[in-house]
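Down below is the structure, laid out as structure tokens.
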Amino acid sequence: MVLVIASLICPAAWSARMPPGWHAPAWWLRQAVCIHEHEGAWNSNTGNGYFGGMQFLPSTYRSVGGRSDGRADLDTSREQLYRAWLLWKRSGGSWSQWGTAGACGLR
């Protein structure tokens with residue numbers, strides 16, 4: 001399960017739609033997939049308050065420009081990864097929001 005704290009500040013750039021040509025860097029994607037493998041299915045809604053393949057809290061998902069209802073599980077895996085990328089960047093390149101980061105050797 002991921003522990004994510006929403007930021008009170010949401011820069012306009014983060015609320016923009018995912019750029020059509022966005023692709024995660026290969027090295028980052030390998031790390032994100034490891035996190036995902038310890039989190040859940042991309043359409044995961046288990047009733048624990050976290051959603052999607054990266055187990056976002058709705059408030060966190062919205063804080064990085066995700067759906068207004070915060071339901072990451074209703075978005076594509078690519079969209080969820082983009083929002084994870086924005087959160088990772090906002091956190092200074094840290095995976096600390098995901099409790100499973102240690103299982104992947106990440107900080």
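Quick notes
- Top-ranked residue in the range 1-27 [being buried (at least 16 other Cβ atoms within 10 Å of the Cβ) and at pLDDT below 90; ranked as farthest from GLN97 (Cα to Cα)]: TRP14
- Residue match in the range 28-42 (condition: under 11 Å from the mean Cα position of the chain (by Cα), part of a helix (DSSP H, G or I), among the acidic types (Asp, Glu) and at pLDDT 95 or above): no
- Out of TRP42, TRP95, TRP27, TRP88, one residue alone is among the aromatic types (Phe, Trp, Tyr) and in contact with a His (Cβ under 9 Å, 6 or more places away or on another chain). It is TRP42.
- Taken over the range 77-107, the criterion of being surrounded by 16 or more Cβ atoms within 10 Å (Cβ to Cβ), over 11 Å from the mean Cα position of the chain (by Cα) and not in a loop (DSSP other than H, G, I, E, B) is satisfied by ARG90, ALA101, CYS104.
- Of residues in the range 43-76 being in a loop (DSSP other than H, G, I, E, B) and among the acidic types (Asp, Glu), the one surrounded by the most Cβ atoms within 10 Å (Cβ to Cβ): ASP75
The values are calculated or read from the model by the stated rules, or taken from the named source; none is laboratory data. No experiment lies behind these values; they were computed from the predicted model shown. In this analysis, Cβ positions are derived from the backbone assuming ideal geometry, glycine residues included, and neighbour counts consider all displayed protein chains.
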